[in-house]
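Everything on this sheet refers to the single structure shown next.
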Amino acid sequence: MRRPSKPLGLALAALVLGALPAAAGGDAAAGRKRAAACQACHGLDGLSKLPEAPNLAGQVEVYLVKVLREYRDGTRRNEVMNVVAKELTDADIDNLAAYYGGLQIEVLPPG
């Protein structure tokens, strides 16, 4: 298969990047305070305490904003998260995403 020409490749990259929402730019310190309500399932450190709850530490900030807004508006369905997210403001979501997205995780290969 032939690779696209450089101008075409750059245009495709710009299109893909342009389709992503801009980074939220929330306040991680405020997000840490708000995360106290999340720690029972996701942990204050962003490492899940329950098998059905995902780890949030180091997750992409834009993704966290997207899914939290989807839980809030009901586009994404989860019995617990739809109730929890209903109470979140846009600022809360941006701040939580900045906090959890800013947590550093270390990945080690098995063995």
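Identify all aspartates and glutamates with a Cα-Cα distance to Lys86 below 18 Å; exclude those on the same chain that are fewer than 8 residues away in sequence. Once the sequence-local aspartates and glutamates are set aside, what remains near Lys86 is Glu70, Asp73, Asp94. Accessible surface of region 24-111, 1.4 Å probe: 56 percent of it comes from carbon and sulfur atoms.
The values are calculated or read from the model by the stated rules, or taken from the named source; none is laboratory data. These figures come from a predicted structure and were not determined experimentally. Calculation scope for accessible area: heavy atoms of the full protein, side chains included, ligands and nucleic acids excluded. Shrake-Rupley method; radii C 1.70, N 1.55, O 1.52, S 1.80 Å.
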